[in-house]
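The values are calculated or read from the model by the stated rules, or taken from the named source; none is laboratory data. These figures come from a predicted structure and were not determined experimentally. Cβ sites come from the backbone with ideal geometry, for glycine too, and all protein chains shown count toward neighbours. Remember, those area values only see protein heavy atoms, side chains included, never the ligands or the DNA or RNA. Shrake-Rupley method; radii C 1.70, N 1.55, O 1.52, S 1.80 Å.
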Amino acid sequence: MGKSLAVKNEIIADLKQTLSESQLVIAIDYKGLSVAEITDLRRRLRPKGSSCQVAKNTLMRIAVEGNDTWQPIQELLTGTSAFLFVQEDIGGAIKAYQEFQKVSKKTELRGGVMEGRVLKEADVKALADLPSKEQLMAQIAGAINGVATKLAVGINQVPTSIARGLKAYAEKDGDSPEVEAEAQPEAQPEAEAESASV
């Protein structure tokens, strides 16, 4: 006996909600997987911020209808479908699926959809090589830290450089203070003469 309309509507609403929270959706053919194996796949995906849901193609078609971001997945809806909803670590989720695939050897990756574009199997596999969010943050932090260190060293060297420059200037013009001292007495008689004439 088929599912009631209320149950189908609930599944469609759940699919729409999960899609709205996802960055990438991967369609796989899960034919031949046991309940225990699907549970294992879900367990592997969970730490990567991803989930796996088995759904009828007709329900997924209804869920993505009118949604430009996810509508392209209709190209991948054939046979028995399970969907991997990737919300956080894209590379980590794909690697987790690939590790599962090596063990089970029963699923087939059809492709995926990301930012309104269909991704072929090769495109999805290429995403697995991207660094995770944590790795990117570590790289950015390292770069910022390196710049901050160089800036601090540079700032610390400024007073030293100024002091060296002033010292070199003073040594170069070492006679100038004496010349100015000699020039001042000659200027005084003129000042006295000016004050006397007034």
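With the whole protein complex present, Asp129 retains an accessible surface near 130 Å², based on a 1.4 Å probe. At 1.4 Å probe size, what's the solvent-accessible area of Thr58? Round to the nearest 10 Å². Estimated to the nearest 10 Å², Thr58 gives 80 Å².
If you take all other residues with their beta carbon under 15 Å from the beta carbon of Lys125, and give Lys and Arg +1 and Asp and Glu -1, the sum is -1. Computed from backbone phi with θ = phi - 60° and the Karplus coefficients 6.51, -1.76 and 1.60, the 3J(HN,Hα) list for segment 91-108 is x, x, 5, 5, 4, 4, 5, 4, 5, 4, 4, 4, 6, 7, 6, 10, 9, 9 Hz; x is used for glycine and proline. From most to least packed by mean Cβ count within 10 Å, the peptides 60-68, 92-100, 41-49 give 92-100, 41-49, 60-68. Each label was represented as a point 7 Å from its Cα along the Cα-to-Cβ direction; for Tyr169 and Ala143 these points are 3.9 nm apart. The lysines whose alpha-carbon is closer than 21 Å to the alpha-carbon of Lys95, local same-chain residues fewer than 8 away aside, are Lys31, Lys48, Lys105, Lys106, Lys120, Lys125, Lys133. Sorted largest first by accessible area at a 1.4 angstrom probe radius, with every protein chain in place, the residues Glu121, Glu115 fall in the order Glu115, Glu121. Among residues other than Met60 with Cβ under 13 Å from its Cβ, the summed charge is +2 (Lys and Arg +1, Asp and Glu -1). Kindly identify segment 1-78 as rounded, prolate or oblate by the Cα gyration tensor criterion: order the square roots of the eigenvalues as a ≥ b ≥ c, call it rounded if a/c is under 1.5, otherwise compare a/b with b/c, prolate if a/b is larger, else oblate. Verdict is oblate for segment 1-78. Positive contributions from Lys and Arg (+1) and negative ones from Asp and Glu (-1), summed over other residues with Cβ under 10 Å from the Cβ of Gln23, come out at -4. Each residue, Glu99 and Asp68, gets one label point 7 Å from its Cα in the Cβ direction; the gap between the two is 3.8 nm. Taking all protein chains as shown and a probe of 1.4 angstrom, Asp14 keeps an accessible surface of around 70 Å².
Heavy-atom accessible area, probed at 1.4 angstrom with all protein chains present, ranks Ser22, Ser4 as Ser4, Ser22, highest first. Amide H contacts of Val118 (H built 1.01 Å from N, in plane; Pro and chain starts excluded): no residue 5 or more places away or on another chain comes under 5 Å. Distance between the modelled labels on Ser161 and Glu75, one decimal in nanometres: 5.5 nm (7 Å Cα→Cβ projection).
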